[in-house]
Amino acid sequence: MDNAIRQNLVSRRYGKNRVMMVLCFIAAVLGIFFLSVILATLLYRGISALSLDVFTMSIPAQGSRGGLINAIYGTVLVTGLAIVIAAPIGILAATYLVEYANGSKLAEAAKFLNDILLSAPSIIIGVFVYGAVVVPMHGNSAIAGILALALIALPVVNRTTQDMLLLVPNALREATAALGAPRWKSMMMVVYRSAWTGILTGILLAVARISGETAPLLFTAGYSKFMNTDLTGPIATLPVAINTLAADAGEDLKQLAWAGALIITVAILALNILARVLSGRRQ
């Protein structure tokens with residue numbers, strides 16, 4: 001009797017396992033299918049829209065020749081300066097939280113706030129920067145866009161750096177202390193050298209995260225059809241340009257939007273692949 005009950009339970013568990021395996025397989029196939037359709041459509045429409053003009057001319061008026069060079073320049077400028085601001089602050093803050101805070105209440109509160117900021121919708125950060133920077137400056141500006149993207153990238157860099165520093169064995173810190181090395185030298189010569197690949201991976205992931213953001217830039221950096229090097233004025237970026245051109249009635253501008261979507265997708269894909277390669281080297 002006990003054997004029959006046991007066999008019945010085992011068969012029921014195997015049956016449930018098979019059902020769940022089938023459901024997981026179907027979900028994976030559906031996800032890959034829709035992703036493949038999106039990528040195939042993007043490649044088909046984007047490649048056909050690419051030309052030399054895309055990389056040499058600014059956004060045109062409807063019916064005119066033009067490209068996306070000003071939006072590409074704006075994206076590189078805004079993203080690059082945002083990372084220049086966010087990376088050092090994020091790394092140094094993570095260093096304090098892991099190495100010096102010693103589990104204080106302030107450190108725990110800072111970690112909690114960092115996790116909240118990490119999961120906050122980017123549009124909220126855009127609205128905050130709009131009220132804090134755009135309104136006092138009486139207009140959109142590249143500065144506001146840089147600050148908004150820096151606020152988005154900061155928690156990503158901070159959290160990744162925390163995780164990487166925690167993976168460095170304490171034995172390395174103790175060994176440098178035993179040799180009489182000061183704390184700062186131990187950090188620079190041993191801890192950072194052990195964790196630099198993971199930290200760099202986090203920075204690359206932060207770049208990939210912010211380079212495709214549209215909502216915060218709509219509120220902050222604004223949009224321009226011209227090449228603008230003045231950080232106090234509005235500047236074109238690829239995500240905002242794609243959003244604007246795709247909503248235009250002109251078919252030629254929609255084609256430019258497809259080209260921009262392909263460019264930014266390839267750039268983000270390349271950054272993610274590089275991050276994975278670096279992460280694999282560390283392991």
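The values are calculated or read from the model by the stated rules, or taken from the named source; none is laboratory data. Worth saying up front: this structure is predicted, and the values here are computed from it rather than measured. Note that each Cβ is placed from the backbone with ideal geometry, even for glycine, and that neighbours are counted across all protein chains shown. Surface accessibility is based on the protein's heavy atoms, side chains included, excluding ligands, DNA and RNA. Shrake-Rupley method; radii C 1.70, N 1.55, O 1.52, S 1.80 Å.
Each label was represented as a point 7 Å from its Cα along the Cα-to-Cβ direction; for residue 248 and residue 13 these points are 6.3 nm apart. Taking a straight Cα-Cα cut-off under 18 Å and skipping sequence neighbours fewer than 8 places away in the same chain, the aspartates and glutamates within cross-link reach of residue 111 are 99, 163. In plain terms, the chain from residue 44 to residue 183 could stretch by 44.5 nm, reckoned as 0.36 nm per residue minus the Cα-Cα distance.
Partner lysines whose Cα lies under 24 Å from the Cα of residue 185, excluding those fewer than 8 positions away in the same chain, are not found. Within the accessible surface of region 51-278, defined with a 1.4 Å probe on protein heavy atoms only, the carbon and sulfur portion equals 71 percent. Give, as a single signed number, the net charge of other residues whose beta carbon lies under 15 Å from the beta carbon of residue 239, with Lys and Arg counted +1 and Asp and Glu -1. That works out to 0. The GNM of the chain, with springs linking C-alpha atoms under 10 angstrom apart, assigns the highest mean-square fluctuation among 113, 147, 231 to 113. Across region 210-218, computed HN-Hα scalar couplings (Karplus, 6.51 cos²θ - 1.76 cosθ + 1.60, θ = phi - 60°) run 7, 5, x, 6, 10, 4, x, 6, 4 Hz from first to last residue, x flagging Gly and Pro. On a per residue basis, the convex hull of the C-alpha atoms belonging to the chain measures out at 217 Å³.
Considering only 262, 142, 176, the residue lying farthest towards the positive end of the dipole of the chain is 176, judged by Cα position with unit charges set on Cβ. Note on region 1-86: Cα Rg divided by 2.2 N^0.38 Å, N the number of residues, gives 2.26. Remark: spin-label model distance residue 137-residue 62 equals 3.0 nm, labels positioned 7 Å along the Cα→Cβ axis.
Under 18 Å of direct C-alpha separation, and excluding same-chain neighbours fewer than eight residues apart, residue 254 reaches these lysines: 225.
Solvent exposure of region 51-278 amounts to 48 Å² per residue of accessible area, where only protein heavy atoms count and the probe is 1.4 Å.
In a simple Cβ point-charge model (Lys, Arg +1; Asp, Glu -1; nothing else charged), the chain has a dipole of about 1040 debye relative to its Cα centre.
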